1. Work out from phi, with θ = phi - 60° and the Karplus expression 6.51 cos²θ - 1.76 cosθ + 1.60, the ³J(HN,Hα) of each residue of the range 72-84, listed in order in whole Hz, and give x for Gly and Pro.
2. Ordered by residue, what ³J(HN,Hα) values in Hz, to whole numbers, does the range 21-31 give under the Karplus form 6.51 cos²θ - 1.76 cosθ + 1.60, where θ = phi - 60° and Gly and Pro are x?
3. Give me log10 I(q)/I(0) at q = 0.12, 0.13 Å⁻¹ for the chain, Debye formula, one equal scatterer per alpha-carbon, no solvent.
4. State the antiparallel share, in %, of DSSP beta bridges confined to the range 62-162, rounding to the nearest 5.
5. Taking only C-alpha pairs under 8 Å that are 6+ residues apart, what is the relative contact order of the chain in percent?
6. What percent do you get for the relative contact order of the range 75-182 when only Cα pairs under 8 Å and 6+ apart count?
7. For each of T169, T182, T161, count neighbouring Cβ atoms within 10 Å of the residue's Cβ, then give the residues from fewest to most.
8. Relative to the present Cα-Cα distance, how much length would full extension add between T182 and S43 at 0.36 nm per residue of separation?
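Just so it is clear, none of the values below were taken in a lab; they were calculated from the coordinates. All of these numbers come straight from a predicted model, not from anything done at the bench. Backbone-built Cβ (ideal geometry, glycine too); neighbour counts: all protein chains shown.
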Amino acid sequence: MADLAGKNILLVIPKNQFDDAELSRTRAVLDATGARIVILSKSGQSAVGMNKTRITPDSRIVDWNKQAGVAGKYHAVLVMGGKGAPKSLWDDDILPQILTDHYRAERVIGAIGLGVAVLARTGLLAGDAAGPDDEKFLAELEQAGVAPSPDAITHYGNVITARDADAATEFAQTVVAVLAET
């Protein structure tokens, strides 16, 4: 595994009903690299996952650029999914600005599960994207002019998407591989 000590990675989770497995599997791979992980949500308050895992984020999305030990931009910004993503992340006002800013700065951006719709709504996906077989999600992709990928992972440049928790480890490994090249 690549050594990413000194790199900062932002994980954005729904304020509740995040996908526990997506988060835990992604985070396990990232933690093993030595990167600094910052977790934010809309409220910044204790969040409960779909399988009752409780996590307290480091802060709120609005305070993304005020985290101790993080100067400037993150090396990667990743959006986690779960049943709470449509309610708390799809319509967030700040998250698209963060993603676009990091995309333009050629940083890694990515999403998994229902979090992929945030990238679609932001206009940062082209061609196809991995994501769940969910009617509302697929409608979001269609509206953005993005085709659903049959693959568990898509990776175009610095943009990475993953279907679901079963692809979370590969998703995180792909993020690590791209970060190791930068």
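1. Those phi angles translate into x, 8, 7, 6, 8, 10, 10, 9, 8, x, x, 4, x Hz.
2. My calculation for the range 21-31 gives 5, 4, 5, 5, 5, 5, 5, 4, 5, 5, 4 Hz in order.
3. Treating every Cα as an identical point scatterer, log10 I(q)/I(0) equals -0.46, -0.55.
4. Taking every DSSP beta bridge within the range 62-162, about 30 percent pair in antiparallel fashion.
5. In percent, rounded to a whole number, it is 23.
6. 26 percent
7. The fewest-first ordering by Cβ neighbours comes to T182, T169, T161.
8. That works out to 46.8 nm of additional length.
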